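Reading through the structure tokens given below for one structure.
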Ligand SMILES: [Zn+2]
């Protein structure tokens, strides 16, 4: 009588086979701040539509209403189309609402406008945008000088000229 114990237990089936089967989706190394080797670091795409290349530059707007001053900024990166759209939008708003407090009139708003001019030049240097699949660039809209709103700026400018002229005339 061969008293063989019941040894032939089936081996526990290892559902997941061993081996290098672990499928890690090879995530590309992303540096959110864009440091690293300039040649190799993946450039962040446009924050609106994902298009590349994108310029990492901030667009600003300013509103000065008597004593309340409101600073707005929108950080990049933006592609050509979205960048120019944002510049136009924020510049128009600044031209409309940026003049109505003294400090805004003489300092903040001129600075904001020059800043956005630089931004506009930077975005304009980029090649035409190709949005990422399923995403859309912002509509650029009309150039700032074709928006009636922009001419509100003539009022404070005219006032400033009038005030300065008055100072000069009365100074003599
Ligand atoms: Zn874009």
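So the values come out like this:
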quantity	calculated
Lone qualifier among 157, 152 - being in contact with a helix residue (DSSP H, G or I) (Cβ under 6 Å, 6 or more places away or on another chain) and either exposed (fewer than 15 other Cβ atoms within 10 Å of the Cβ) or assigned to a helix (DSSP H, G or I) (or both)	152
Odd one out for residue 120 among (1) away from the ligand (no atom under 14 Å from the Cβ); (2) under 22 Å from residue 46 (Cα atoms); (3) in contact with a strand residue (DSSP E or B) (Cβ under 7 Å, 6 or more places away or on another chain); (4) in a helix (DSSP H, G or I)	(3)
Test: residue in the stretch 141-153 that is modelled with pLDDT under 95, within 16 Å of the ligand (Cβ to nearest atom) and closer than 23 Å to residue 55 by Cβ	yes
Filtered residues of the stretch 92-105 (kept if farther than 14 Å from residue 70 by Cβ and out of contact with any helix residue (DSSP H, G or I) (no Cβ under 8 Å at 6 or more places or on another chain))	102
Yes/no for residue 119 being closer than 24 Å to residue 71 by Cα, crowded, with 18+ Cβ neighbours inside 10 Å and at pLDDT below 90	no
Test: residue in the stretch 79-98 that is in a strand (DSSP E or B) and within 15 Å of the ligand (Cβ to nearest atom)	no
Enumeration of residues in the stretch 51-65 that are in a loop (DSSP other than H, G, I, E, B) and touching a helix residue (DSSP H, G or I) at 6+ places or on another chain (Cβ under 9 Å)	51, 53, 54, 57, 58
Test result for residue 129, loosely packed, with under 13 Cβ neighbours inside 10 Å and within 16 Å of the ligand (Cβ to nearest atom)	no
So residue 103, is it outside any loop (DSSP other than H, G, I, E, B) and surrounded by fewer than 17 Cβ atoms within 10 Å (Cβ to Cβ)	yes
In the stretch 51-75, the residues that are within 16 Å of the ligand (Cβ to nearest atom) and modelled with pLDDT under 95	52, 53
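The values are calculated or read from the model by the stated rules, or taken from the named source; none is laboratory data. None of these values were measured; they are calculated from a predicted model. No Cβ is skipped: glycine too gets one built from the backbone with ideal geometry, and neighbour counts run over all protein chains shown.
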